[in-house]
Amino acid sequence: MSTQSTPPMTPHPYPGKLIIVEGIDGSGKSTQLLLLHKWLESKGHKVFFTEWNSSELVKETTKRGKKNKSLTPTTFSLLHATDFASRLYHEILPPLKAGMIVLADRYMYTAFARDVTRGVSPEWIRKLYSFAITPDMAFYFKVPIEVAISRLLGGTRGQFKYYEAGMDMNLNQDVTESFRLFQSSILAQYKKIVDEFQLITMDATKDIETQQNDMRLLVGEALKDYKPRRGTHGRRTVFWRRFDVPKSE
Amino acid sequence: MVDARYFGDGLTYLNPSDLKGKLIAIEGTDGVGRSTHIEMLQEWLEVQGYGVVTTGWTRSNLMSKTIEMAKEGNILDRWSFSLLYATDFADRLEHEIIPALRSGFIVLADRYIYTALARDFVRSGNRQWARDVFGFALVPDLVCYMRIDVETLVLRVIETKGMNFWESGMDLRLGNDLYDSFKKYQSLLIEEFDKMAEEFHFEVTDARKSPDEIQEELRAKIQPLLTSHLKSPELPSDRFTQPTS
């Protein structure tokens, strides 16, 4: 185990590829990742997908804590780190070691942006995640706050959720206004993170196909020397993931 | 806690300077009699008129159920293992310990972060990460370490509740059976506790002594804290409401 106390900046040693997306709610990152997933599968790759805050154990706890509004910035942050650790160990590392492709919807940068906005120490959160591995490609979907809001309100969600809008921070009584303030500070944090960790910035105001073409071009280039590994012969599992309402925490 | 401070990177949104109470941690491996002595200490302090709150490892509202579930499913990675404990601790720190200290209570903590540090070190061989993670912990006013040797501990645990999977560190596969594993695991923990005892200046009590002698020693170590900063409440004792813990 490494002895560093900040997230590593050096490439991981595994034969697989880890591609992650970041961005605020409503940036369209999940849609883009899903389209990339389909494309990679159509190319014959075996692709694994993992999502922020999705491990069963932690999700239940987070739900309980959110319900009685007892989460503090620190417990909120630690719960997400626990979820991340458990997914890294169970879902991300095994396929990477086996030489496969892993796609992650949100990665540790989400914690760096969001938890710091909630008030935890930026140094502490980086040390917390020092066990993480550096992704091979990290995309940041940059979108102005107004575009994100109109996408979210115009979409199927209709209303912002309590924590998503940062209502726990008492920024504003109005949910939309609170969302605007909270997500704007997250955007400001992302701005720093993009430089610090050299994320690839995508213009998330462009239309879906244009963004996806840009993304495929970059990924295709990065996978040029990658040798796909899979255990089954030619059986392609295309179209198994459907579009559904994007879930954010 | 006149000069209260955090262990490392603290809770940036909470200023620890206005904490009037005292934080006393009782540490020691499994089966040394911590909870019995804490009960007796609480009684002793309350009779003198001090408000006492006790808090115990993995007993937070948020996490106690989750940790039970995790243990049943045998979490394997050291990170989740430590992070679950850190979350439990943070929940108790912010919802129980700090509010109680702010109101001038004496907080008796059954185990503190040193337990987590020892367990993580035994699993990883690395001290830094867990110490960073628990950086938000308050440094206690006093840490009483109830020290026992592994030979005595083994006899005592067999005579009482028996050995369980986690107290034997079975996830580490240190031995061929429960007995071997328990002994190996607990020796490693004791070894690490001994090192921390020096580094963090624990008050060490020999847990092989009789309960009366141990209790007397613990009280003698706590007594100076009471006289230096805390005054017995001036309310008549019959009007003093006991906190429910």
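The values are calculated or read from the model by the stated rules, or taken from the named source; none is laboratory data. All values reported here derive from a predicted model rather than from experimental measurement. We place every Cβ from the backbone using ideal geometry, glycine too, and count neighbours over all the protein chains shown.
Does A:Leu217 satisfy the criteria of being at pLDDT 90 or above and buried (at least 17 other Cβ atoms within 10 Å of the Cβ)? Give the steps one after another, and end with the answer.
Numbers: at pLDDT 90 or above: yes; buried (at least 17 other Cβ atoms within 10 Å of the Cβ): no.
The answer is no for A:Leu217.
Checking each residue in segment A:201-214 for being surrounded by fewer than 18 Cβ atoms within 10 Å (Cβ to Cβ) and either assigned to a helix (DSSP H, G or I) or out of contact with any Lys or Arg (no Cβ under 6 Å at 6 or more places or on another chain) (or both) picks out A:Asp203, A:Thr205, A:Lys206, A:Asp207, A:Ile208, A:Glu209, A:Thr210, A:Asn213, A:Asp214. For segment B:32-54, indicate whether the set of residues that are without any contact (Cβ under 8 Å) to a residue 24 or more places away in the chain and under 21 Å from B:Trp129 (Cβ atoms) is non-empty. Looking for residues that are without any contact (Cβ under 8 Å) to a residue 24 or more places away in the chain and under 21 Å from B:Trp129 (Cβ atoms), one finds none in segment B:32-54, hence no. Across segment B:6-30, the qualifying residues are those that are surrounded by fewer than 21 Cβ atoms within 10 Å (Cβ to Cβ) and more than 14 Å from chain A (Cβ to nearest Cβ), and the one among them that is nearest to the chain's Cα centre (by Cα) is B:Lys20. Taken over segment A:170-194, residues that are part of a loop (DSSP other than H, G, I, E, B) and hydrophobic (A, V, I, L, M, F, W, C) amount to 1. Remark: pairs (first residue in segment A:56-77, under 20 Å from B:Ser82 (Cα atoms); second residue polar (S, T, N, Q) and surrounded by 23 or more Cβ atoms within 10 Å (Cβ to Cβ); Cβ separation under 6 Å; 6+ apart in sequence or on different chains) = A:Val58/A:Thr82; A:Thr61/B:Thr66; A:Thr75/B:Thr87. When B:Ser82 is tested against the conditions (1) more than 14 Å from chain A (Cβ to nearest Cβ); (2) under 18 Å from the mean Cα position of the chain (by Cα); (3) assigned to a helix (DSSP H, G or I), the lone failure is (1).
Does A:Ser27 count as among the polar types (S, T, N, Q), touching a strand residue (DSSP E or B) at 6+ places or on another chain (Cβ under 9 Å), touching a residue at least 12 places away in the same chain (Cβ under 8 Å) and buried (at least 18 other Cβ atoms within 10 Å of the Cβ)? Spell out how you get there, then give the answer.
On the way: among the polar types (S, T, N, Q): yes; touching a strand residue (DSSP E or B) at 6+ places or on another chain (Cβ under 9 Å): yes; touching a residue at least 12 places away in the same chain (Cβ under 8 Å): yes; buried (at least 18 other Cβ atoms within 10 Å of the Cβ): yes.
So A:Ser27 fits the description; yes.
Of the candidates A:Phe131, A:Phe141, the single residue that is surrounded by 21 or more Cβ atoms within 10 Å (Cβ to Cβ), within 14 Å of another protein chain (Cβ to nearest Cβ), under 27 Å from A:Gln198 (Cβ atoms) and of a type outside the set (S, T, N, Q) is A:Phe131. Within segment B:39-79, the residues that satisfy the criterion of being assigned to a loop (DSSP other than H, G, I, E, B), at the interface with another protein chain (Cβ under 8 Å from one of its Cβ atoms) and within 23 Å of B:Gly125 (Cβ to Cβ) are B:Ile75, B:Leu76, B:Asp77.
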